[in-house]
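FYI, it's all coordinate maths here, none of it is from the lab. Model, not experiment: these values are computed from the prediction. Note that each Cβ is placed from the backbone with ideal geometry, even for glycine, and that neighbours are counted across all protein chains shown.
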Number of protein chains: 2
Amino acid sequence: MSVTPATDAETLLDDDRLTLSGLLFESAQGLAARFEHSLRDGTGLSSQWFEILLRLARSPGQRLRMADLAAQTRLTASGLTRAIDRLETQGLVMRAACPSDRRGMFAGLTASGLNRILIAVPAHLDDIGTNLVAPLTERERAQLERILRKVRDHVSPDSAAGSEPDC
Amino acid sequence: MSVTPATDAETLLDDDRLTLSGLLFESAQGLAARFEHSLRDGTGLSSQWFEILLRLARSPGQRLRMADLAAQTRLTASGLTRAIDRLETQGLVMRAACPSDRRGMFAGLTASGLNRILIAVPAHLDDIGTNLVAPLTERERAQLERILRKVRDHVSPDSAAGSEPDC
DNA sequence: GGACAAAGGTTGTGTACGCAAGGAACCATA
DNA sequence: TATGGTTCCTTGCGTACACAACCTTTGTCC
């Protein structure tokens with residue numbers, strides 16, 4: 001019989017590392033839940049749609065290769081195929097063939113899609129301000145950005161896929 | 001016709017707030033993806049199952065009311081019902097009636113479930129160390145924890161539901 | 001005590017996702 | 001120019017989730 005199994009388990013489950021990663025996930029999920037509601041109510045966009053439209057809007061020519069967009073959004077290829085299907089039926093996105101690689105497809109913003117995201121962003125910026133920036137001091141905000149950039153670069157180095165036009 | 005629509009859109013889409021929240025989400029998602037793979041390979045647990053078992057293990061009596069567990073995991077009541085169904089068929093969790101409120105149910109760890117999570121945690125702690133703690137200095141780690149705690153408390157104040165035994 | 005509102009869980013239904021398989025195009029090598 | 005391997009995207013299938021509807025129990029107000 002081990003001597004103090006309960007105490008061992010407790011110290012194990014209260015480890016600082018667990019706390020830190022828990023805080024990161026709870027912060028991100030809590031924020032995501034708030035954004036989801038605001039976006040849905042204010043613009044009729046899900047956060048998934050918002051992210052796709054935003055990433056397209058920031059890309060040269062307002063378009064990206066399917067594979068690059070999939071990498072940026074952390075969707076699988078099949079998941080993205082269907083997401084773009086839905087956005088296309090709403091008229092917010094349009095597929096276009098890639099002239100230099102006939103396997104490839106672009107997903108590009110339509111005028112309607114660009115309009116939609118440009119309308120949605122200001123309210124979302126306010127939302128970020130209220131829920132994430134406001135509770136922090138300016139110094140804390142700067143620290144958080146610097147630290148998170150380090151973490152992001154470490155765990156997710158390919159998040160800029162498609163930045164350089166390749167077609 | 002507006003004067004410089006393209007420039008306006010660019011400054012709008014490059015706003016610092018968008019960058020900051022993007023960094024937070026990309027960090028959390030990148031980390032989650034790494035944990036998902038390690039957990040699955042090392043212990044056969046999904047991160048969903050890991051989180052549920054962990055939260056139960058940390059609770060008094062290794063059990064929680066369904067509603068409290070749902071709040072902690074950010075699942076809806078129906079989502080949690082089915083998650084617990086699956087864990088129960090695996091023998092890791094057991095439901096128990098609440099004597100003081102006949103509507104209520106407890107979800108509690110079985111011996112097998114407790115064993116499983118105690119085996120899984122050490123490897124997961126290493127994983128957090130490698131992917132989140134290691135790239136930061138000790139000072140940065142402390143700053144991050146302090147700042148995230150502020151954010152978490154602001155956006156997700158009910159994340160400790162069920163801490164006080166109420167039954 | 002009886003009516004009504006609210007809370008705790010479970011079940012029906014639709015949707016979105018990942019995985020595996022498939023077809024088309026590209027590229028290397030011979 | 002054939003051929004085998006790889007990449008890009010799409011489709012079939014199973015799974016997990018949210019939402020709404022539901023039933024039971026509790027608490028409240030008269």
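Odds and ends about this structure:
- Only one of A:GLN48, A:GLN62 that is within 16 Å of DNA strand C (Cβ to nearest atom), under 27 Å from A:ALA123 (Cβ atoms) and under 18 Å from the mean Cα position of the chain (by Cα): A:GLN48
- Whichever residue in segment B:54-73 is basic (Lys, Arg) and free of Cβ contacts under 8 Å to residues at least 40 places away in the same chain and, among such residues, is surrounded by the fewest Cβ atoms within 10 Å (Cβ to Cβ): B:ARG58
- Answer from B:LEU109, B:LEU125 - the residue that is out of contact with any Leu (no Cβ under 6 Å at 6 or more places or on another chain) and under 24 Å from A:ASP14 (Cα atoms): B:LEU125
- A:GLN29, sole failed condition from (1) crowded, with 20+ Cβ neighbours inside 10 Å; (2) within 7 Å of another protein chain (Cβ to nearest Cβ): (1)
- The criterion of at least 1 residues that are out of contact with any helix residue (DSSP H, G or I) (no Cβ under 9 Å at 6 or more places or on another chain) is met by the following strands (runs of 3 or more DSSP E) wholly inside segment A:1-117: A:63-65, A:93-97.
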